[in-house]
Amino acid sequence: MINPTEFLVLLLSVIVLAFSNSFLNPSLFIISLIYFALILVIYILGKKLMAYYLETQTEEKVWSFQRYWFGPRDYVNVPVPIGLILPFLFAILSMGYAKWFAVTTTEIKTTPARAVKRHDFYSFAELTEWHLACISSAGVILLMITSFFSYLFNLPELAKLCIYFSFFNMLPLPGLDGSKIFFGSRILFYTLGAIVLIALGYALLLV
C-alpha cells in the first residue's frame, strides 16, 4: 500500500519529527522515532483505507509550496519542502519549546475502477470536496482513537503526540488535511476540530 516514494517521505518525516520532539532531551530521540513511526503509519493507513472504500488512491508527499502570492509569476521554480523546514526552525529558534508537527500532504486521485463504475443512475467518477474531506479526516479520527487507547494502556506520551500531530494537521492551511476537511464539510471540520481541541486542552492542562 505504501510505495517506495512514500516510504522515503515517511522515513524523513519520522526523523524530522523525532528531532523536533527531542530537541531539549536527546535521550528521547529513539522513543520519539518509534512513536512517530507508529503515528504516521496509523495516520496514512486511515486515509488509505477510506480512499480504498471510496475507490480512490492516496499518495503522501512532503508538504511543499511554490506559489507565494497571487500574481501569475509569484511562484518559485522548485517546490520548497516547508514540511521538513518548519519543524527544524521551530525547534531551533525556540530552543525546543515550540514544535511543528505538520510535515506531509496527501494527493488523492481516482482509480480506473471508479472512473467506469456507476451506481444506479448516478456516476461517482469525479471526486467531490466531500470525498476529499472524508479521506482526509480518516487519519485524524484513527489517531484520536489511538490516543484514547494509549491513555488506557498507560502510554501518555504516545497519546499526547497523537493529539499534537492531529492538531497541526487539522489547521486549514493550503495543502494540509485540515484545509480539505474545511472546504469539504464545515460541520465535519468544526466537529472534529472541537474534539481535537478538547483533547489538546486535556493533554496540555491535565497531564
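Here are a few things to note about the model shown:
- For TRP130 and ILE198, the FRET efficiency from 1/(1 + (r/R0)^6), where r spans their Cβ atoms and R0 equals 35 Å, is about 0.90.
- Charge-dipole axis of the chain as Lys and Arg at +1 and Asp and Glu at -1 on Cβ define it, positive-most pick from LEU24, TYR35, LEU173: LEU173
- Ranked packing of 6-17, 23-34, 190-201, most packed first, by mean Cβ within 10 Å: 6-17, 190-201, 23-34
- Contact order for the chain, expressed relative to its length and based on alpha carbon pairs under 8 Å spaced 6+ residues apart, stands at 20 percent.
- Approximate spin-label separation LEU93-ILE30, in nm, with each point projected 7 Å along Cα-to-Cβ: 3.3
- Gyration tensor (alpha-carbon) shape descriptor, segment 129-177, a/c threshold 1.5: oblate
- For Rg/Rh (Cα atoms, Kirkwood Rh), the candidate list reads [x] 1.05; [y] 0.99; [z] 1.07; the entry that matches the value derived from this model is [y].
- Model label points for ASN3 and LEU155, set 7 angstrom from Cα along the Cα-to-Cβ axis, are 3.0 nm apart.
- Between helix 29-53 and the chain there is an angle of about 10 degrees, using the helix long axis and the longest principal axis of the Cα atoms.
- PHE183-ILE85 FRET efficiency (beta carbon distance; Förster radius 30 Å; 0.05 resolution): 0.75
- Spatially, segment 129-195 and segment 5-46 are offset by 17 Å when compared through their Cα centroids.
- Between 0 and 90°, nearest 10: helix 156-169 axis offset from the chain longest Cα axis: 50
Since every read-out is calculated from the coordinates, none of them should be taken as a lab result. Everything numeric here is computed off the predicted structure, so don't read it as measured data. Methodologically, a virtual Cβ is constructed for each residue, glycine included, from the backbone with ideal geometry; neighbour enumeration extends over all protein chains shown.
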